[in-house]
Amino acid sequence: MLTVLYVIAITAEAMTGALSAGRRGMDPVGVIFVACCTAIGGGSVRDMLLGSYPLTWVETPMYIVITTAAAILTIFLQRYMKHMFKVFLVLDAVGLITFSIIGAQKTLDLGHGYIIASVMAVITGVFGGILRDILCNNVPLVFRKELYASVALISIGFYFTLQLLGVDPNVTVISTLVFGFVFRMIAVRFKLELPKFVYKESPH
Amino acid sequence: MLTVLYVIAITAEAMTGALSAGRRGMDPVGVIFVACCTAIGGGSVRDMLLGSYPLTWVETPMYIVITTAAAILTIFLQRYMKHMFKVFLVLDAVGLITFSIIGAQKTLDLGHGYIIASVMAVITGVFGGILRDILCNNVPLVFRKELYASVALISIGFYFTLQLLGVDPNVTVISTLVFGFVFRMIAVRFKLELPKFVYKESPH
Amino acid sequence: MLTVLYVIAITAEAMTGALSAGRRGMDPVGVIFVACCTAIGGGSVRDMLLGSYPLTWVETPMYIVITTAAAILTIFLQRYMKHMFKVFLVLDAVGLITFSIIGAQKTLDLGHGYIIASVMAVITGVFGGILRDILCNNVPLVFRKELYASVALISIGFYFTLQLLGVDPNVTVISTLVFGFVFRMIAVRFKLELPKFVYKESPH
């Protein structure tokens, strides 16, 4: 099931990357590049930090084919994209939680503890979006949008809690997906945000 | 022969990096840093994605010495740089194709397939320029200039085709270099560009 | 002793990262993320370039806990931060030299030569600050501030010289710290800067 969700997630993330590249007027190769970085960048950074080779998409090149196809599709369907904003929001939320669970579980499986697994969950969930924003020369959005990274972190806390309580693995994954998804949707609906830390030097 | 071309390529790329840092008014250490990232960043990212250690320049520190020298030379010769625009354009095209061939062949030699080898060819060819633009806080140029990344991709398709047809390796390399170089020069001369994907939100 | 200095250094660097994120109005999770990248990003990039796994903070998650705590503390103590500018400047200088020595020594211990060790010293010293500036969408400051990267480079030259002269390791470390610290303070006090390389295209 996580594999199916993973494919949905990288497709949705590739599309957000392609749209972001389109806002900067990149050519199709650039659009594909940004789309792929957005979709598989988080997992790649995680695996490079952990020294876990080969990377997922190097082992399964089909994932690169999927994200490339998603980017090309986005270019052709751009006129419909404006009406699909809510669909993206939903798919992106599914993607965020899916990436986080995969990132955390893979890190635990490699023998690391809960702190590193939490860090890797957040990195897997949000680093693709950070790369997208860096490549498009924007201040990363993920730390300003409605609780984006926080949803990943709290969902993983929820996931670990269920796991430590001895809940069945499948139930744990599904519960976390529902919990994180509902949490994110509530955050978006009510524009929940953490209070910003705004630091200004005093004028001299 | 690829080694000679590689040295020419990293020298030329280091110089474009140094000029870009100069446009941002960096100090000499910054200029050297950006120059080295531009010249050897693409290959480094490729090897880190593939988990192929040691990196080329860690094994052969002479390459770092060469790119550092190229950066210092650029600072001293800056007044002549304006008149060398066309020389750079030629050397940069040679570098792009050389990097792409080296990236693709190394990936194949590591046992990966053609999809991953194509991805790594493009990454080796263009990622140095992307790092340069990120470090200098510009939107990466490689996806906006005349067919830059596309030339790398199509040249590698050409290279694989000759290879699969059983053409002699040396002939394959030379043919790809000539093909890619001419293709790039035509693209620059006639300002060929892929149609940009410009995405704008509809105003509400 | 280097461990104590390392903890002081990552704490100070995390705080400069948190302040920088605050200037961009990020939320607390973003502030923590930027703080951690600033504090441990340089060492992580060094180890990823060298293929030296596990990364320091993956092996010792306590370092992540410390930098996270430093980031949270910065948010709560922001009103006092303005008055601590000079404290930061001192701690940051200690951090720069500490990071550089650790980076150089670790690289030598892995069997690499002096050129690569010098490169890794500078990367360990300055890359955290570069990541901070990229994530906050600024042109990296480290190449524009008073001799920042240059102090790292020259201090490491000093360190290698003492080492080659057969000076006792502890004396070498302490001497380098004093040398680099005084050098940096003089550079800051007298606003020493290398002449900038400012490159402008001639108007046509």
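Here, each number is a calculation from the coordinates, and none is a lab measurement. Computed from a predicted structure; not experimentally measured. Backbone-built Cβ (ideal geometry, glycine too); neighbour counts: all protein chains shown.
Couple of notes before you dig in:
- Between C:I154 and C:Y80, the contour length at 0.36 nm per residue exceeds the alpha carbon distance by 23.3 nm.
- A label point on A:V167, set 7 Å along the Cα-to-Cβ line, lies at 5.9, 5.9 nm from each of its counterparts in the other copies, closest listed first.
- When chain C is treated as a Gaussian network with alpha carbon springs shorter than 10 Å, the biggest mean-square fluctuation among C:D27, C:D133, C:D92 belongs to C:D27.
- Full-stretch length increase - A:R189, A:N137 - with 0.36 nm per residue and alpha-carbon distance subtracted: 16.0 nm
- For A:V87, inter-copy separations between label points set 7 Å beyond Cα along the Cβ vector come to 5.5, 5.5 nm, shortest first.
- Peptide A:20-26 has a mean of 6 when you count, residue by residue, the C-beta atoms of other protein chains within 10 Å of its C-beta.
- Taking only the C-alpha atoms of the range B:2-189, the Rg (one decimal) and the largest Cα-Cα distance, Dmax (whole number), read 15.8, 50 Å.
- Among B:L50, B:L165, B:L73, the residue with the largest mean-square fluctuation in a Gaussian network model of chain B, with springs joining Cα atoms closer than 10 Å, is B:L165.
- Theoretical ellipticity at 222 nm over the protein assembly as shown - DSSP helices of four or more residues, -39500 (n - 2.57) apiece, nearest 500: -25000 deg cm²/dmol
- Largest mean-square fluctuation among A:L96, A:L49, A:L135, in a Gaussian network model of chain A whose springs join Cα atoms under 10 Å apart, belongs to A:L49.
- Take A:E59, push a point 7 Å out from Cα through the beta-carbon direction, and compare it with the same point in every other copy: 2.5, 2.5 nm, smallest first.
- Membrane-span-like helices in chain A, defined here as complete DSSP H runs extending at least 24 Å along the helix axis by their C-alpha atoms with mean Kyte-Doolittle hydropathy no lower than -1.0, are A:2-23, A:28-50, A:85-109, A:114-135, A:148-164, A:169-189; this is a sequence and geometry rule, not a statement about a membrane.
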